[in-house]
Amino acid sequence: MSDRESDIRAPPATGDDGGGEVRYLSQSDLSVPTHQIVAPDGSYDERAVPDLDDEEFLDLYRWMVTDRVFSRRMVNIQRRGELGTFGSTRGQEASIIGSAFTLRPDDWLYVGRAWTPMFMRGASMKDMILFWRGIEEGQEAFAKHNSQIAISIGSHLPLVAGIAWGMHLDDADAVATAYLGDGATSTGAAHEGINLAGSLGLPALFFCQNNQYAISMPYERQSGANTIAQKALAYGIDAIRVDGQDVLAVYDAVQSARERVTEGEPVFVESVTYRLDAHTTSDDPTRYRSDEEVEHWEAHDPIERYRQFLKSEGLWSEIDHDAVVEEIDAEFDEALAAANEMEERAVSEMFTYLYDELPPELARQLAEFEDLLERRPEMYDYIEHRPKG
Amino acid sequence: MSDRESDIRAPPATGDDGGGEVRYLSQSDLSVPTHQIVAPDGSYDERAVPDLDDEEFLDLYRWMVTDRVFSRRMVNIQRRGELGTFGSTRGQEASIIGSAFTLRPDDWLYVGRAWTPMFMRGASMKDMILFWRGIEEGQEAFAKHNSQIAISIGSHLPLVAGIAWGMHLDDADAVATAYLGDGATSTGAAHEGINLAGSLGLPALFFCQNNQYAISMPYERQSGANTIAQKALAYGIDAIRVDGQDVLAVYDAVQSARERVTEGEPVFVESVTYRLDAHTTSDDPTRYRSDEEVEHWEAHDPIERYRQFLKSEGLWSEIDHDAVVEEIDAEFDEALAAANEMEERAVSEMFTYLYDELPPELARQLAEFEDLLERRPEMYDYIEHRPKG
Amino acid sequence: MQATIVQAVNDALHTEMGRDDRVVVFGEDVAESGGVFRATDELLEEFGSKRVVDTPLSEIAIVGGAAGMAMYGYRPVAEIQFSGFLPPAFDQLVTNASRIRWRTRGELSAPMVVRMPYGAGVRALEHHSESLEGAYAHIPGLQVVVPSTPADTKGLLTAAIRDPDPVLFMEPKRIYRSIREEVPEGEHEVPIGEAAVRREGEDVTVVAWGSMMPPTLEAVEEGGVDAEVIDLRSISPMDTETVVESVKKTGRCVVAHEGPRTLGVGSEIVARINDEALMYLEAPIERVTGFDTPVPLLSMEDFYFPHPPRILDGIEAALAD
Amino acid sequence: MQATIVQAVNDALHTEMGRDDRVVVFGEDVAESGGVFRATDELLEEFGSKRVVDTPLSEIAIVGGAAGMAMYGYRPVAEIQFSGFLPPAFDQLVTNASRIRWRTRGELSAPMVVRMPYGAGVRALEHHSESLEGAYAHIPGLQVVVPSTPADTKGLLTAAIRDPDPVLFMEPKRIYRSIREEVPEGEHEVPIGEAAVRREGEDVTVVAWGSMMPPTLEAVEEGGVDAEVIDLRSISPMDTETVVESVKKTGRCVVAHEGPRTLGVGSEIVARINDEALMYLEAPIERVTGFDTPVPLLSMEDFYFPHPPRILDGIEAALAD
Ligand SMILES: Cc1ncc(C[n+]2csc(CCOP(=O)(O)OP(=O)(O)O)c2C)c(N)n1
Ligand SMILES: Cc1ncc(C[n+]2csc(CCOP(=O)(O)OP(=O)(O)O)c2C)c(N)n1
Ligand SMILES: [Mg+2]
Ligand SMILES: [Mg+2]
């Protein structure tokens, strides 16, 4: 029904094709513009630049560098065996920072591949190290800032719709944001979560980083849809497609989207970007993509592109890049040291956080186990308590 | 990526919006034509009429009447207590018959609200009565004709994708068809099944009867999308929207779709129709829709519209409507009598069809139960063996 | 007030929505039409369309959405139309609802209820008759509650809504309307995790819940057995103590349930009695259960779930040796 | 040939794909990259892109698609990347795969395999460590198989692929590469439904499977116990007879598994022994299991699953009374 307001729903559709050939609705008829402000060659139209002050422009840069340094350091300590595994975000910095820069503290955020947004919302690098070391305090810390990381791909979309529903009931001046990957769009959970937001008109913002791969699966084979943005049409939700290597375009798009969302309309943003590193430290991307392709995208480095912009604006001189990196490295060193201080935790932690009150069977299991650990210290020959993941 | 063939995937999207305003992709920019051949007033353009011979034109009518009579009779015997429950298809005859008329015996078919297609494929009215009486022989009979009815809404879409995948492996000259309702489009299972077909290019045909309601839920609130056809864009699949009260338009659309599918492209068809009766015999539609609305749609009766067409074509005289109804009624009487002959079945049936070979635990449970039934005939005071549903 | 089980559900919802405006009811066909069993009748009229909401046909979104809304601070009571349609949302139970508190070390939690009619015997179609509590109670962090009387239905549903953690509330639809009894007006809470002794006895302990309670009591009556009949009420957490103490007294036990036998809740009860009272057992514990098959379609469904003679047969077997 | 468990998986797939061209392998990252554990390595190269296919990230479509393809006549072997990602497809198991034959009275069937690595201990993230066989084995019509040695892995996977009904094949990823043994070249089939006695003994019966086998054998060795050690191998159907006969001999029993205790497979084993050998029991059966909590994140996951001292403690408890 195109007239959603009519009292009696529309009559059997009237033929607007005059009884001719069967006509197909096809994606080839769809034109999906991609928002861009700074072109790959660094050029841009002054008038399109978002209205930020100098400090904000510089902040965008600092956060992108933070993202890059953090990934580098994490990959590094993982190689040294000080981390279970890690998913680097190198290449996606503009996409991640440009979007998260628009969020406010009351907003909720559920992410996939995007770690720095947690820092932007008040969590610490230490918290993130703990998370990747498999220490529950990481997620606890994120939760304090209305943020969570979802591991089961797509599973968080219904949660985000539910959070947005709560905001809607509250008339809250906030949005619930889900980051998701290209792969996540194929899941039933994502579908149902986004559809719920669309059908109830919930203040949810869906930010999809199309980084071209779901582990080894290229987006072209993930779905028959040429763009991810067009998937929003399935929910009657408006969408923006944006160049994910252009931090200003991402900021501009998500800023606009966030405003619409606060007015009660969910919005879907596809950010076209690229994961330059492996899926995680356990992955070997040479099995499924060419060096040539990676080099091609290396040449579209988002930080480099933004640097061009800062230079054109005369802001570059305000940044001492090496000092910025040094500062972040120092922050990381400190975070790592703090994380390394983590005490071994009591075995009761496994049990006590499951329910508000420990039920009898669980209390019994805990007591038995504590007793066993006391009686059989040889248990510790088998248990690696891994405060370093 | 719009160029799905390129060796290196597309570079960061180039701005085709010249750095201007953020532009939204919105369903309001979408024009979704609705295919129609015979207008509600009975007029049509000769040249658009599908190329069928007279007998086929008459068959369409007979099948539509079969569908209507079958629903009437089933509702009737349900009221008499001779059936558990039943979902009438009154109002959807053009949608159901026009589509199923295009299918071939080697095609597979999984349906929701659509019963006559089973008859068209060789199952009998008796089989359908058995099905609604909760007698497994119904589904067994359908299966012989590569057909099944799915009760869990949306759950069959992945199966149909899998069947289509088999056909694709086989290079079979056949299509796998799923009928689904407007409500089913909200399920994760439907999403994943259709996406699989789209991404692998499987010979699947999705025929969605948008009958405006999922029980009490009107389509406008089922999804934010104005049309269901546009949901196909999410999968890169081509779609047709068709006036589901116009049997020739439905036939034409699905015929065209089926051809494309055999060429290796899945197609999605939305048929806009209306359920005139209750959801099932347990439902009271006056709780959620107005008499006015129902009357409005009664005036768009698909059989009536087709009658107009037959009259204009000079074919109406070849039909003795009352005789047709009488014949179908007789067929139903016979089917009902045959169904009523159903013997009580052995209790072992509950067990023996689960695995190819009865595993020991199940054999044990069966033996115990048979023994019990023998030892305690008072069991039958509690068991209504319901050969009539 | 006199009420049936389904009326008690409705009453609890009315009462709790009136008491706490964080309580929100949603699901398929719950608002406009008041639910396919009328369990949510008149809620829309009384509490309006913001707090009583029809959702799209999407169980994943219903359960996951409830978890999100609960995390945010509301008290969602979501309906799944029939228990056979909860499996699509299994992942949201395992991956999200049951773990929010655990994952965030108590920083967030998911005080939500998923209610659904379960069980066979109402002549419905395939998938409308499941009793899979055995699978759900295996999920750490998820509470599973099954009432068997109108008063308990109100009291336990009230407790479930007020509980700080997620509860799957399974309503015995076969007896939705067959029992009518006095149900307390106004607020009424029955604690989760406590079994009820429906009948004291010395010779054998019979444990059942939900729609198995009437046939169980009938079997005991019929057989003239001096049985202690326990209505488990909470499957998870389970009131092991009440069961074990009773078995220590009687030395014999029967468990009756409707779900499949293998890995059904009966197995867990046997295992717990084994843990704590094995040496009191004078005979094997009898499991009188549904079979390890799907529930037959309606024409033969009556064969599937235990009736009084089958339960009595189990009781007599337990008493035999 | 000498092989590890994961190599045995790969070998079985190569052999069966070579033998029967109806066998098709698909899942996330199984083709181009050969699987995250390399279980499907070189299949794409040998059998081409029509029979070895990377799917979208959609577990519902993978499991449901396998059922459809199997109905149509192929022999799909679908991979779920980690057991924690099977729950989204729970409904396709319950509603479709397990019921195709039953629903059509044998007219159609779903000869399919869903294989997946399960269990904790490889330092992976949340949801990568689950052992929910207790929930899956509760589904009527679904077979659940868990190998513990390379030779069995090949033999049981072969049997699963050839089986006319659906099989959930759970691979113990913690020991994917830690055991290497002789695995028969070419075709090798081990029947589903038969347990293996890994060690004969008189004093106590110890039942385990999958990744619990090495610590179980180690505990027995360590403790110098004269235990009969049974590798269950098939969870469903279960070889009750082998277990019961052994318990009749030893009078004592321990079950060790990794999944949560409540409604874990251990409960079912206790219940079956109760049914058939209660009066032979000289002591309560000990369940040495994972706890009724989610598997802790990696830093504490080692606490979760049973290690030799815990298993030995269970054995000694069973021997004590
Ligand atoms: C439901 C589920 N299935 C499988 C996995 C294993 N897995 C982890 S990440 C990943 C790919 C995700 O791709 P995408 O959504 O594009 O996000 P990206 O990693 O590219 O940021 C897969 C398959 C998972 N975590 N969850
Ligand atoms: C997964 C699932 N959830 C709920 C139901 C209960 N139910 C049966 S039919 C129906 C509505 C279906 O609507 P639609 O898909 O539009 O089909 P229609 O009945 O209109 O033909 C519902 C909610 C079900 N059968 N399956
Ligand atoms: Mg990706
Ligand atoms: Mg409908």
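The values are calculated or read from the model by the stated rules, or taken from the named source; none is laboratory data. Note that the structure is a prediction, hence the values are computed from the model and not measured. Positions of Cβ are backbone-derived with ideal geometry, glycine not excepted, and every protein chain shown enters the neighbour counts.
Of the residues A:Asp238, A:Asp243, only one is within 7 Å of chain B (Cβ to nearest Cβ), away from ligand 1 (no atom under 15 Å from the Cβ), within 19 Å of A:Leu276 (Cα to Cα) and not aromatic (Phe, Trp, Tyr); which?
A:Asp243
Give me the pairs, please: first residue somewhere in the range B:51-77 and closer than 20 Å to B:Ile129 by Cα, second residue anywhere and at pLDDT below 95, beta-carbon distance under 7 Å, and either six or more positions apart or on two chains.
Final answer for the pair search is B:Met74/B:Leu83; B:Val75/B:Thr281; B:Ile77/B:Leu83.
Within the range D:12-30, does at least one residue satisfy the condition of being in a loop (DSSP other than H, G, I, E, B) and of a type in the set (Gly, Ala, Ser)?
In the first step, residues of the range D:12-30 are kept if they are in a loop (DSSP other than H, G, I, E, B); the result is D:20-22, D:28-30.
Now narrow it down to the ones that are of a type in the set (Gly, Ala, Ser): none.
Within the range D:12-30 (the criterion being in a loop (DSSP other than H, G, I, E, B) and of a type in the set (Gly, Ala, Ser)), the answer is no, since none of the residues qualifies.
If you take the residues of the range B:188-213 that are touching a residue at least 40 places away in the same chain (Cβ under 8 Å) and under 27 Å from B:Arg289 (Cβ atoms), which of them is nearest to ligand 1 (Cβ to nearest atom)?
The extreme case among them is B:Phe206.
I'd like to verify a number: residues in the range B:180-190 that are in a helix (DSSP H, G or I) and either small (Gly, Ala, Ser) or surrounded by fewer than 24 Cβ atoms within 10 Å (Cβ to Cβ) (or both), how many? Step through it out loud before you land on a result.
In the first step, residues of the range B:180-190 are kept if they are in a helix (DSSP H, G or I); the result is B:183-186, B:188-190.
Among the residues that remain, those that are also either small (Gly, Ala, Ser) or surrounded by fewer than 24 Cβ atoms within 10 Å (Cβ to Cβ) (or both) are: B:183-184, B:186, B:188-190.
Qualifying residue count, the range B:180-190: 6.
Going by the structure shown, is A:Tyr219 over 20 Å from A:Thr177 (Cα atoms), in contact (Cβ under 8 Å) with a residue 24 or more places away in the chain, within 9 Å of another protein chain (Cβ to nearest Cβ) and under 18 Å from the mean Cα position of the chain (by Cα)?
On the way: over 20 Å from A:Thr177 (Cα atoms): yes; in contact (Cβ under 8 Å) with a residue 24 or more places away in the chain: yes; within 9 Å of another protein chain (Cβ to nearest Cβ): yes; under 18 Å from the mean Cα position of the chain (by Cα): yes.
Yes; evaluated as a whole, the condition is true for this residue.
Out of the range D:29-51, which residues are surrounded by fewer than 24 Cβ atoms within 10 Å (Cβ to Cβ), under 16 Å from B:Leu200 (Cα atoms) and touching a helix residue (DSSP H, G or I) at 6+ places or on another chain (Cβ under 8 Å)?
Within the range D:29-51, D:Glu32, D:Lys50, D:Arg51 meet the criteria.
How many of the residues making up the range B:201-223 are more than 16 Å from ligand 2 (Cβ to nearest atom) and crowded, with 24+ Cβ neighbours inside 10 Å?
The initial filter retains those residues of the range B:201-223 that are more than 16 Å from ligand 2 (Cβ to nearest atom), namely B:201-205.
The next check asks that each one be crowded, with 24+ Cβ neighbours inside 10 Å; those that pass are B:202-205.
Going through the range B:201-223 one residue at a time, the tally reaches 4.
Among the residues of the range D:298-321, write down those that are touching a Ser or Thr at 6+ places or on another chain (Cβ under 9 Å) and facing another protein chain (nearest Cβ under 9 Å).
Selection gives D:Leu298, D:Glu301, D:Tyr304, D:Pro308.
Please verify whether the range C:259-280 includes one or more residues that are buried (at least 24 other Cβ atoms within 10 Å of the Cβ), away from chain A (no Cβ under 14 Å), of a type in the set (Asp, Glu) and in contact (Cβ under 8 Å) with a residue 60 or more places away in the chain.
No, because not a single residue in the range C:259-280 is buried (at least 24 other Cβ atoms within 10 Å of the Cβ), away from chain A (no Cβ under 14 Å), of a type in the set (Asp, Glu) and in contact (Cβ under 8 Å) with a residue 60 or more places away in the chain.
Residue by residue through the range D:205-224, note down the ones that are assigned to a loop (DSSP other than H, G, I, E, B) and touching a helix residue (DSSP H, G or I) at 6+ places or on another chain (Cβ under 9 Å).
Hit for the range D:205-224 is D:Trp209, nothing else.
Residue by residue through the range B:204-216, note down the ones that are near ligand 4 (Cβ under 9 Å from one of its atoms) and within 12 Å of chain A (Cβ to nearest Cβ).
Of everything in the range B:204-216, those that are near ligand 4 (Cβ under 9 Å from one of its atoms) and within 12 Å of chain A (Cβ to nearest Cβ) turn out to be B:Asn210, B:Asn211, B:Gln212, B:Tyr213, B:Ala214.
Quick check, is B:Glu368 within 11 Å of another protein chain (Cβ to nearest Cβ), within 30 Å of C:Phe291 (Cβ to Cβ) and out of contact with any helix residue (DSSP H, G or I) (no Cβ under 9 Å at 6 or more places or on another chain)? Please lay out each step first, then the result.
Numbers: within 11 Å of another protein chain (Cβ to nearest Cβ): yes; within 30 Å of C:Phe291 (Cβ to Cβ): yes; out of contact with any helix residue (DSSP H, G or I) (no Cβ under 9 Å at 6 or more places or on another chain): yes.
Yes; evaluated as a whole, the condition is true for this residue.
Answer yes or no as to whether A:Met167 is more than 8 Å from every other protein chain (Cβ to nearest Cβ) and either within 16 Å of ligand 2 (Cβ to nearest atom) or not polar (S, T, N, Q) (or both). Before the answer, list the steps.
Values: more than 8 Å from every other protein chain (Cβ to nearest Cβ): no; either within 16 Å of ligand 2 (Cβ to nearest atom) or not polar (S, T, N, Q) (or both): yes.
No; evaluated as a whole, the condition is false for this residue.
Residue check: is A:Ala190 away from ligand 3 (no atom under 16 Å from the Cβ) and under 23 Å from C:Ala78 (Cα atoms)?
no
With the requirement that a residue be out of contact with any strand residue (DSSP E or B) (no Cβ under 9 Å at 6 or more places or on another chain) and over 25 Å from D:Ser178 (Cα atoms), what does the range D:22-55 give you? Please lay out each step first, then the result.
Kept after step one, since they are out of contact with any strand residue (DSSP E or B) (no Cβ under 9 Å at 6 or more places or on another chain), are these residues of the range D:22-55: D:34, D:38, D:41-42, D:48-49.
Residues satisfying the conditions are D:Gly48, D:Ser49.
List the number of the failed condition for C:Ala66; all other conditions in (1) more than 16 Å from ligand 2 (Cβ to nearest atom); (2) closer than 30 Å to A:Phe142 by Cα hold.
(1)
Find all pairs meeting these conditions: Cβ atoms under 6 angstrom apart; at least six residues apart or on different chains; first residue within the range D:180-195 and at pLDDT 95 or above; second residue loosely packed, with under 14 Cβ neighbours inside 10 Å.
D:Arg180/D:Gln2; D:Val183/D:Met1; D:Glu185/D:Met1
In this structure, does B:Arg260 turn out to be within 16 Å of ligand 4 (Cβ to nearest atom), over 30 Å from B:Phe70 (Cα atoms), of a type outside the set (A, V, I, L, M, F, W, C) and at pLDDT 95 or above? Reasoning before the result, please.
Details: within 16 Å of ligand 4 (Cβ to nearest atom): no; over 30 Å from B:Phe70 (Cα atoms): yes; of a type outside the set (A, V, I, L, M, F, W, C): yes; at pLDDT 95 or above: yes.
No.
Condition test on D:Val295, is it among the hydrophobic types (A, V, I, L, M, F, W, C), surrounded by 24 or more Cβ atoms within 10 Å (Cβ to Cβ) and not assigned by TED's automatic domain parsing to the domain that holds D:His127? Spell out the reasoning first.
On the way: among the hydrophobic types (A, V, I, L, M, F, W, C): yes; surrounded by 24 or more Cβ atoms within 10 Å (Cβ to Cβ): yes; not assigned by TED's automatic domain parsing to the domain that holds D:His127: yes.
For D:Val295, the condition - among the hydrophobic types (A, V, I, L, M, F, W, C), surrounded by 24 or more Cβ atoms within 10 Å (Cβ to Cβ) and not assigned by TED's automatic domain parsing to the domain that holds D:His127 - is met.
Does B:Glu361 qualify as being under 27 Å from C:Asp313 (Cα atoms), in contact with a strand residue (DSSP E or B) (Cβ under 9 Å, 6 or more places away or on another chain), of a type outside the set (A, V, I, L, M) and in a helix (DSSP H, G or I)?
Spelling it out, B:Glu361 is indeed under 27 Å from C:Asp313 (Cα atoms), in contact with a strand residue (DSSP E or B) (Cβ under 9 Å, 6 or more places away or on another chain), of a type outside the set (A, V, I, L, M) and in a helix (DSSP H, G or I).
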